[in-house]
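First up is the structure itself, then whatever we jot down about it.
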């Protein structure tokens with residue numbers, strides 16, 4: 001079977017992405033690491049990474065999108081079994097584990113770059129709303145109308161990300177019981 005050029009490119013990109021994810025685990029390459037160093041770590045050429053991802057920020061965005069997609073699959077299972085509040089707790093625990101610090105930093109780094117060039121980070125930008133969608137669905141299941149559920153979910157995700165950013169910038173300064181604060185701010189009908 002002969003594959004089209006675009007299919008071969010896609011599969012090569014996916015194989016490279018899997019190698020990146022395997023090599024770095026839950027972490028990300030730090031932004032000060034060169035594309036050559038990243039390529040050496042996965043035993044490929046920097047030219048191949050540049051071809052498929054464009055740059056180190058492109059590599060980071062692709063890795064984050066894939067990692068967050070995996071996280072969301074696991075979180076979705078929790079959402080199906082629990083309440084809005086349970087899901088918020090699960091999200092918070094997922095992203096505040098110490099081993100997630102590299103990813104949290106990488107997330108905010110790529111968000112900053114995407115703010116200046118969203119077209120360069122299209123897949124990453126499109127995936128940003130995934131948690132909001134899941135939370136909105138839970139809030140509707142618990143009795144909020146669609147608009148209220150969407151607003152509640154948006155405020156909740158904004159609070160989570162804001163407190164996570166605070167922890168990245170000034171470790172140890174977030175409120176003791178951040179989850180309780182987030183739930184108070186979002187105020188779903190629970």
Ranked by Cβ crowding within 10 angstrom, fewest neighbours first, how are 169, 64 ordered?
169, 64
Helix-only [θ] at 222 nm, the chain, -39500 (n - 2.57) per DSSP H run of 4+, per residue, nearest 500, equals -24000 deg cm²/dmol
Fluctuation leader among 45, 11, 69 - the chain, Gaussian network, Cα springs under 10 angstrom:
11
On a 0 to 90° scale, report how tilted helix 130-141 is relative to the longest principal axis of the chain, with both axes built from alpha carbons and the result rounded to the nearest 10.
30 degrees
At a threshold of 8 angstrom on Cα-Cα distance, excluding pairs fewer than six apart, so keeping six or more, what relative contact order does the chain reach in percent?
20 percent
Relative contact order (percent, whole number), region 84-190, Cα cutoff 8 Å, 6+ residue spacing
34 percent
Ranked output for segments 17-23, 172-178 by mean other Cβ atoms within 10 Å, highest leading, reads 17-23, 172-178
The chain, Gaussian network, Cα under 10 Å: of 104, 146, 61, the residue fluctuating most is 146
Treating the angle as unsigned and between 0 and 90°, give the value, to the nearest 10°, between the Cα long axis of helix 5-24 and the longest Cα principal axis of the chain.
70 degrees
Of 142, 77, 32, which has the largest mean-square fluctuation in a 10 Å C-alpha GNM of the chain?
32
Kindly express, to the nearest 10 degrees and within the range 0 to 90, the angle between helix 84-96's C-alpha long axis and the longest C-alpha principal axis of the chain.
40 degrees
Protection proxy ranking of 126-134, 159-167 - average other beta-carbon atoms within 10 Å, highest first:
159-167, 126-134
Estimated FRET transfer efficiency (residue 33, residue 145; beta-carbon r; R0 45 Å; 0.05):
0.45
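Laboratory data are not the source of any read-out in this text; all were calculated from the coordinates shown. All values derive from a computational prediction rather than experimental measurement. Don't worry about glycine lacking a Cβ; one is built from the backbone with ideal geometry, like all the others, and counts go over all protein chains shown.
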